[in-house]
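Take a look at the structure below.
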């Protein structure tokens, strides 16, 4: 079904976690670049760069190198998930039922909902700080305003989010260049900001992990924004458009943040950026604040889809529509608002700990999903089974996947290095956190071998003779 531009941009999305029929697909590969480029140029991305120099104390050259490595490596993992959307036409967390079983997937989906709420809360804090800085408003009131604007985007759904991020790709991109010019050429950085001292491997790896997780954290929902794409979009096109959009849209704002942290390590992100771009600071903060609202709409939208996935697993005959998404979005907003107000006074430390602990629970899931999709199932799934309460051919519980997920979390704990917990191996390595690398390196081959050797523990049943399946090998081209 062809959609004209007006309908695509403005109509409220009626579907929630449904499979998107081929005749309702629309869009082009370049749309995937703009949604991820535009959505990443915002204050929370800048704040991640601030952590590198203000919290970890890295010199700018080391921060830039670490941020580059983290984004480029983490982006590969994230974009491999994005390439699944056009081929399967379902949200990423719904697809998780094919790996973990219908009820086994609830563990992962619930944790992912918590992730969305955490990101939403973090963005509200920074957005509130920006509004308060610009207009002299009360910070708590400003946080509420940013959150409510984001709710509107989540209620409208996929089409409006794509349209807004497309516009923000251009606007935010131009303003970001302006910020660099004002900071480096017009005003210049304070003396000593570009010092070369302070390098530590703990700070370098901590920054690298944050940047990698920034990309990996999109993995649970990146294909939610590719599932409406035509099947002939192709795996390569979906991968590269998403990869470069997310990596470039994240890396440059993080560099901006590293400069802010090096120049004004005691300032909050919005205040420091505003001071260093004096003269155009109001424009920079305003545009990056709008970017927060767009990105938060994405977080809330996908959090609502994941929450609906939990409900539909328990009540498979339930057919949720736009009104349900709106109600769930408002409820999640309420939870995130409570978190934001409670944690706003110690934001950077809370955010850093949240991100590093999140990495621990996301890595084993992404390992299981990617190995299952690309190496075991080769992109061929029975879509109808994903909507059955007993999991259809995938069963209720895949003990192999669940076991690998739990082992993956446990395996990373000794390697974790956060303010809340320091693992013994991380201490022995000089407070260097390599937990996510260990998790990926072990769980990927472990899941593959166990799935092949012990099929009796997967919960899978014989494939039906007539099943609706989606396959990237037969339609859309192999990677």
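Below is a table of values for the structure above.
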| item | result |
| --- | --- |
| Some residue of the stretch 440-447 being modelled with pLDDT under 90 and within 25 Å of the chain's Cα centre (by Cα) | no |
| Failed item in (1) more than 26 Å from residue 261 (Cβ to Cβ); (2) surrounded by 18 or more Cβ atoms within 10 Å (Cβ to Cβ), with residue 172 passing the rest | (1) |
| Complete set of residues in the stretch 183-196 that are touching a residue at least 60 places away in the same chain (Cβ under 8 Å) and either farther than 21 Å from residue 54 by Cα or in contact with a strand residue (DSSP E or B) (Cβ under 6 Å, 6 or more places away or on another chain) (or both) | 186 |
| Residue in the stretch 36-45 that is surrounded by fewer than 24 Cβ atoms within 10 Å (Cβ to Cβ), in a helix (DSSP H, G or I) and at pLDDT 90 or above present | no |
| Matching residues in the stretch 285-300 - criterion: being under 12 Å from the mean Cα position of the chain (by Cα) and closer than 8 Å to residue 42 by Cβ | 295 |
| Test set (1) more than 21 Å from residue 248 (Cα to Cα); (2) at pLDDT 90 or above; (3) assigned to a helix (DSSP H, G or I) - residue 189 fails condition number | (3) |
| Single match in 265, 253 (criterion: assigned to a helix (DSSP H, G or I), out of contact with any strand residue (DSSP E or B) (no Cβ under 8 Å at 6 or more places or on another chain) and either at positive phi or modelled with pLDDT of 90 or more (or both)) | 253 |
| In the stretch 133-182, the residues that are without any contact (Cβ under 8 Å) to a residue 60 or more places away in the chain, in a helix (DSSP H, G or I) and either within 12 Å of residue 277 (Cβ to Cβ) or in contact with a helix residue (DSSP H, G or I) (Cβ under 7 Å, 6 or more places away or on another chain) (or both) | 142, 145, 177, 181 |
| Subset of the stretch 451-479 [over 15 Å from residue 370 (Cα atoms) and at pLDDT 85 or above] | 452, 453, 454, 455, 456, 457, 458, 460 |
| Residue within the stretch 76-96 that is assigned to a helix (DSSP H, G or I) and in contact with a strand residue (DSSP E or B) (Cβ under 6 Å, 6 or more places away or on another chain) present | yes |
| Meets criteria (buried (at least 23 other Cβ atoms within 10 Å of the Cβ) and within 21 Å of residue 351 (Cα to Cα)) for residue 246 | yes |
| Whichever residue in the stretch 318-349 is in a loop (DSSP other than H, G, I, E, B) and touching a helix residue (DSSP H, G or I) at 6+ places or on another chain (Cβ under 8 Å) and, among such residues, is modelled with the lowest pLDDT | 318 |
| Checking residue 62 against (1) crowded, with 19+ Cβ neighbours inside 10 Å; (2) in a helix (DSSP H, G or I); (3) modelled with pLDDT under 95, the condition it does not meet | (3) |
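The values are calculated or read from the model by the stated rules, or taken from the named source; none is laboratory data. A quick note: this is a predicted structure, and the numbers were derived from the prediction, not measured. Positions of Cβ are backbone-derived with ideal geometry, glycine not excepted, and every protein chain shown enters the neighbour counts.
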